[in-house]
Amino acid sequence: MDFNFDPTLLMLSLVPSGIGFVLFVYGKKQQRWPHMAAGIALSVYPYFATSVLQMLLAGVLIGGAFWWALQSGW
């Protein structure tokens, strides 16, 4: 496993993690499960992304799933 740290990837991971934290706190206060689940997913997945492309694709997938859940009435 390669352990060299990319500063771009590190700074980019702050964006979805911050959004995920806010979503989780909001979902916990409002007791809304889609918000909490999306918040946890957005906070955790940057730990496993090894490239900027993976981070962007995973963020788009999680955001799309969250949008679909809200549109479906969850």
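Could you list, bin by bin from short to long, the percent of Cα-Cα pairs of the stretch 19-62 in 10 Å steps?
Binned Cα distances yield the sequence 33, 46, 19, 2.
Just the number, please: carbon plus sulfur as a percent of the accessible area of the stretch 17-74, 1.4 Å probe, no ligands or DNA/RNA counted. Let's see the in-between values first.
Numbers: 2960 of 4110 Å².
About 72 percent, which is the carbon plus sulfur part of the accessible surface.
Sorted by packing (mean other beta-carbon atoms within 10 Å per residue), highest first, where do 34-46, 16-28 land?
Peptide ranking by packing, descending: 34-46, 16-28.
How much accessible area per residue does the chain have, in Å², with a 1.4 Å probe?
In whole numbers, the chain has 76 Å² accessible per residue.
What does the extension gain come out to for V15 and K28, with contour length at 0.36 nm per residue minus their alpha carbon separation?
2.7 nm
Hey, what angle do you get for helix 52-71 against the long axis of the chain, alpha-carbon based, 0 to 90 degrees rounded to 10?
Roughly 0 degrees between the two axes.
State the dimensionless ratio Rg/Rh of the chain (Rg: radius of gyration of Cα atoms; Rh: Kirkwood radius).
1.04
The values are calculated or read from the model by the stated rules, or taken from the named source; none is laboratory data. Quick caveat, the model's predicted, so the values are computed rather than measured. Please note: Cβ atoms are built from the backbone with ideal geometry, for glycine as well, and neighbour counts cover all protein chains shown. Side chains are part of the model used for accessible areas, which takes the heavy atoms of the whole protein and leaves out ligands, DNA and RNA. Shrake-Rupley method; radii C 1.70, N 1.55, O 1.52, S 1.80 Å.
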